[in-house]
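Notes follow the structure.
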Amino acid sequence: MSVLKNNVRKASTVQKVTLPGAKATKAASKKKDEDGWDDWSHGKPLQKPPEQLELTEAELKEEITRTLTANNPHAPQNIVRYSFKERSYKPVLVVDQMAVHFVLEGNLVYQDSNEAGRLEGLPEETVKASTEEHPDEEKPDTPVTPVEDGGEAEKAGEEYRPDSAASKADKKEPKVTKNQFNFSERASQTLNNPLRERSCQTEPPQRCTFSANANQWEIYDAYVEELQKQEKNKEKQKTIQLKKDGDKSKKKKMMLTETQNDDINKVGKVAKIIERMIHQNTFDDIAQDFKYFEDASDEFRGQQGTILPLWKFHYDKTKKLSVTALCWNKKYPDLFSVGLGSYNFTKQGRGMLVFYSLKNSSFPEYIYPTSSSVLCLDIHEQRSYLVAVGFYDGCVAVYNLKREGQEPVYKSTAKTGKHTDPVWQVCWHNDDMDNNHNFYSVSSDGRVVSWTLIKNELVFTDVIRLSLNAEDKPSAQQASTAFSSLLACGTSMDFHKQIDYLFLVGTEEGKIHKCSKTYSRQYLETYAAHSMPVDTVKWNHFHPNVFISCSSDWTVKIWDHTINTPMFTFDLKAAVGDVAWAPYSSTVFAAVTTDGTVHVFDLNINKYEPLCQQAVVAKHRLTHIEFNPIHPIIIVGDDRGYVTSYKLSPNLRKKQMMKKGQEQPKGPEVEVVKMEKLLSLLREPEQNTV
């Protein structure tokens, strides 16, 4: 805030004041002194301008106070903005009131200032003299003393005035200007990069002197050769272009076929899913029985049980063919394979290998037609896509479900050691030392053969030749003549579950031979098992000493391989087609007979009679039976090509609990203890008689 006072002062005289640096004032004073009169010696009256405002004495003495505020008079006061939150226009209360009146950059220097003189390189004495002679620049409020003689002032003033002769003389000389910040020469601020030199040296190319005489015909021949080369290059380019076009067309065709195959596969997958959904809806009552139904009537039958029919599998193109083999897939428990052929050896023809799933009983999952009847098959336990098959004509083959086509990937021929008689049993075995897959087969020609899958070739090795009598041990000289007439016909075989080299072979004469892979000229043991051909022989899944056999002589026998006589013998009053151990119990097995009956035994509950004896077909023969590895169901095949699945009632799949006070074994040990208890009861009378 500042206060302005208006006072009118009356003065009678004006003193003469000489200001240094004012050239016109000095000249006027000199002129007046020369003329001889002094205008300043007489008082001059105060002249009032004609337009001056006339004020009274009170108005003149009045003090007017003015206050400077920060409000900008040009700032608008009526600004409004729309508020989306309140949906109306609202006035803006805060307005920017700042007004800029004057801006001065800090790096500007006045030309007449002392700092400018120092930057221009003036001597220090001149700069000090200028500060002393010009007190109004450094101290504007100090009073100035008049000087009567203006000679020295005029001389001093002319020295630092920019338009004086001395300053002009100094400007002619070139001066180096300095930086106003650190007062160093501007040229010293430039950075020069150091010079770099790079050089390399190479060995000069080899030179040789060549000279020859060129005739006209030589020049002509050279031109002709060049033209021929150009023509050959053009032909090569044309052939390359044609090949590229052909390759492009082939690639396009391949891409089209691949896309078509992909589309077909996608459509096939979708169609298969839809077909399974329709099948599940159609046979929903059977699916419910398979999952949830438990026969409540078992509670009123005591220890007896029943089997409930579920799905029936049949393919229209397998008419007049019998079910000759059944095998479950260990990896996919809903999938099983069926071998179809004929047991009528006077009328042999085609065969078929089909795969069914419990999810769709109306149509097979895979179909492989064969030129000869299929008599046996086995699915690899770890690699479930490999299937070994034995045929009536003596060939063995391996099918790969992953590959397209209906032909096997491996098949034996007359040159690769095929059997000369029908192959009755094939079974996969552990891989050899080189990790090659191998399986074994037995045939009516008396040979047990090991087949090894090596790259694209099926290599065979004869493990043992079955002699007709156990006592006969023909020499190597008789092998070519008499040994062929002494061979026995093998009908079935099975490898031990724990001992790798041990296996059993059933023969057409009714004998069972215990053999080893390391002994190819003799048997470890021979059992006089049946009076007719041994149809099936199988080791127990749990107990290492027990195996079972069946025959067309109406009997099923259970053996301990350390004893030559059977431990159990069951007469089923009909020819037995097949027998199988249950995967969940060491004492449960099932058998099928030619009169269409299924027999289920549990030795732990009843050692004399079956718990279930149920006729499932009429006027037809049952040929094979298999237990599912997980679900409580069995599948049964007959001579019409039908496969029927049955669910076991709770009494047929009960697990025997130990009595109180006894130690409860865990895992497979429970089943071993159950079977061992039965065997110990049977061994005691034999020991007493001895």
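Read-outs: derived from the displayed coordinates by stated rules, not from any lab. Just so it is clear, the model here is predicted, and its values are computed rather than measured. Here the Cβ positions follow ideal geometry from the backbone for every residue, glycine too, while neighbour counts run over all protein chains shown.
For the peptides 201-214, 384-397, 367-380, 428-441, residues were scored by their other Cβ atoms within 10 Å and the scores averaged per peptide; the highest-first order is 384-397, 367-380, 428-441, 201-214.
The Tyr292 and Phe363 beta-carbon pair, evaluated with R₀ = 35 Å, returns a calculated FRET efficiency of approximately 0.85. Here r is the Cβ-Cβ distance between Lys573 and Asp421 and R0 is 25 Å; the resulting FRET efficiency, rounded to 0.05, is 0.20. Near His437, the amide H atoms lying under 5 Å from its own belong to Leu453; only residues 5 or more places off or on other chains count, and H is placed 1.01 Å from N. Note on Ser384/Lys236: beta-carbon distance plugged into 1/(1 + (r/R0)^6) with R0 of 60 Å gives a FRET efficiency of 0.65. Take 217-224, 285-292 and order them by the average number of nearby Cβ atoms within 10 Å per residue, most first; the result is 285-292, 217-224. Placing dummy labels 7 Å off each Cα toward the beta-carbon, the span from Ser516 to Leu68 is 12.4 nm.
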